[in-house]
Amino acid sequence: MSSQTLPTTKSFLLTPEQELIIQSGGNIRINAVAGSGKTTTIIEYARSRPPGSRILYLAFNKSVKLEAITKFKKQGLDHVKIETAHSLAYRHVVIGSRYKIKTTGYQIHEVVDILGLQNNGEPHGEFIFANHINKFVAYFCNSDKDKIKDLDYRETILDSKVKKFVSSAYNYIETHARRFLAMMESGEIEITHDFYLKKFQLKSPVLPYDFILFDEAQDASAAMLDVVMKQPAIKVIVGDTHQQIYGWRFAVNSLEQAAYETYHLTSSFRFSQTIADLAMSILRYKNHISPGPCVSIKGCGGNNQNEVKAIIARSNLGLLLKAIEYVTEDKKLKHIYFEGNINSYTYADEGASLYDVLNLYNGKRSMIRDKMISGMNSMNDLETYIEKTEDKQLGMMVEIVKEYGNEIPGILKILNRNMLKMQISIKRN
């Protein structure tokens with residue numbers, strides 16, 4: 001069946017909120033609570049557009065994209081193009097160019113080597129400067145600004161002491177951030193994913209679509225939001241204003257920045273009213289810190305009779321720390337399950353390992369693999385670096401090592417055993 005003759009009948013009932021969205025016209029934004037049928041709503045919105053409509057669905061990441069491709073195809077909506085912001089940018093910027101991709105991003109010691117940084121009288125200053133240069137480059141690439149001089153990197157720094165330090169060396173940091181960008185631009189060094197997304201935004205592309213469905217918009221970069229907002233297409237901005245988790249990656253809350261007519265999806269089929277009431281009470285506390293829109297959540301799901309605890313953290317290390325607390329303090333705990341390979345939870349984003357910090361702690365410098373950590377003479381040096389860079393992941397590693405020391409290898413073995421038992425249990429079920 002072609003997209004021209006797609007059926008509009010459905011084998012399920014839509015909520016009144018969903019019906020209003022599907023029948024809407026013009027640019028809109030949808031504030032959707034967890035489990036409220038957001039994907040179903042987007043699919044039915046796409047189905048109900050005029051025959052021959054060119055529709056782009058922007059997914060948050062590759063896994064969401066692949067899942068969306070399956071769902072839209074199952075519904076016969078083959079005319080909906082599904083992309084991530086980066087896959088769209090890659091097609092427009094990288095394909096056919098001279099650029100090569102640095103898939104893992106640049107580690108601190110690599111920035112030092114590429115730019116030939118010196119400590120300038122600051123103990124291990126080359127690493128400290130490289131950290132700030134790296135973050136300044138990421139800040140610019142995720143922004144909607146045309147030039148790096150249009151940004152003030154100091155605005156991203158929370159700690160007053162760190163801000164004072166950066167201010168004292170700001171010209172140096174900004175100059176080398178500009179150098180680093182120029183080296184990527186010329187192809188002298190590999191480009192990052194952030195860089196080609198920025199290039200895409202600066203090209204001011206006009207996309208050949210009548211409708212753009214922008215999902216998880218609360219975690220969009222300002223660069224991608226700028227691309228979407230400038231399109232002549234009708235735009236549907238979708239997300240949850242209270243679920244932003246990528247602010248640390250310079251994300252902006254697009255739901256708050258898009259001044260469109262607002263629709264809501266407030267009935268969650270994922271949990272009961274008890275959980276909904278708890279969520280609303282937490283949001284009321286949140287308003288004391290950061291005032292936002294009042295949310296009424298209706299829990300339409302059932303109650304889970306099994307006692308299960310789920311831990312959500314901003315970083316893998318945060319989850320690892322909580323897991324270590326459980327296995328060392330809760331002797332009755334039977335199973336711990338990690339999403340993905342547990343070994344990946346022992347690494348920071350920049351590549352340093354928990355074992356690297358432990359080896360520095362024990363003075364076993366020859367066993368340290370990370371070049372930046374191996375450049376430190378002591379734990380005091382590493383803590384000074386953390387104090388002047390706001391590197392929270394390394395700070396958490398130091399906290400774990402100071403608290404558990406040489407017990408860490410044994411604790412990780414216990415976690416691995418628990419993980420294995422849990423996987424066997426899941427397979428048996």
Could you check, for segment 185-196, whether at least one of its residues is touching a residue at least 24 places away in the same chain (Cβ under 8 Å), of a type in the set (S, T, Y), within 30 Å of D391 (Cα to Cα) and open to solvent by 20 Å² or more (accessible area, probe 1.4 Å)?
-> yes
Note on segment 159-175: residues in a helix (DSSP H, G or I) and within 26 Å of the chain's Cα centre (by Cα) are S160, V162, K163, V166, I173, E174
Looking only at residues in segment 124-151 that are touching a Phe, Trp or Tyr at 6+ places or on another chain (Cβ under 9 Å) and outside any helix (DSSP H, G or I), which one is nearest to Y347 (Cα to Cα)?
-> H124
Would you check which residues across segment 190-215 are of a type in the set (A, V, I, L, M) and either assigned to a helix (DSSP H, G or I) or within 25 Å of the chain's Cα centre (by Cα) (or both) and list them?
-> I191, L197, L202, L207, I212, L213
Taking segment 394-407 and keeping residues free of Cβ contacts under 8 Å to residues at least 60 places away in the same chain, open to solvent by less than 50 Å² (accessible area, probe 1.4 Å) and over 14 Å from Y347 (Cα atoms) leaves G405
Residue list for segment 47-71, restricted to those being out of contact with any Phe, Trp or Tyr (no Cβ under 7 Å at 6 or more places or on another chain) and hydrophobic (A, V, I, L, M, F, W, C) = A59, F60, V64, L66, I69
Filtering segment 146-166 down to residues that are open to solvent by 50 Å² or more (accessible area, probe 1.4 Å) and farther than 23 Å from A223 by Cβ yields D159, S160, K161, K163, K164
Might you let me know whether segment 259-272 holds any residue that is among the hydroxyl-bearing types (S, T, Y) and modelled with pLDDT of 95 or more?
-> no
Would you say D391 is among the charged types (D, E, K, R) and either open to solvent by less than 40 Å² (accessible area, probe 1.4 Å) or at positive phi (or both)?
-> yes
Out of all the residues in segment 216-244, which are open to solvent by less than 10 Å² (accessible area, probe 1.4 Å) and either acidic (D, E) or part of a helix (DSSP H, G or I) (or both)?
-> A217, Q218, A223, M224, V227, V228
When (1) closer than 12 Å to V401 by Cβ; (2) of a type in the set (A, V, I, L, M, F, W, C); (3) surrounded by fewer than 20 Cβ atoms within 10 Å (Cβ to Cβ) are applied to V357, the one that fails is (3)
Residue match in segment 315-324 (condition: basic (K, R) and at pLDDT 80 or above) | yes
Cβ-Cβ below 9 Å, separation at least six or inter-chain, first residue in segment 52-72 and touching a residue at least 40 places away in the same chain (Cβ under 8 Å), second acidic (D, E) and part of a helix (DSSP H, G or I): which pairs?
-> A59/E67; F60/D219
Is there a residue being under 17 Å from F214 (Cα atoms) and either acidic (D, E) or free of Cβ contacts under 8 Å to residues at least 24 places away in the same chain (or both) anywhere in segment 85-101?
-> no
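The values are calculated or read from the model by the stated rules, or taken from the named source; none is laboratory data. This one's a predicted model, so the numbers in the text were calculated from it and none came from an experiment. Note that we place each Cβ from the backbone using ideal geometry, even for glycine, and neighbour counts take in every protein chain shown. All accessible areas refer to the heavy atoms of the entire protein, side chains included, with ligands and DNA or RNA removed. Shrake-Rupley method; radii C 1.70, N 1.55, O 1.52, S 1.80 Å.
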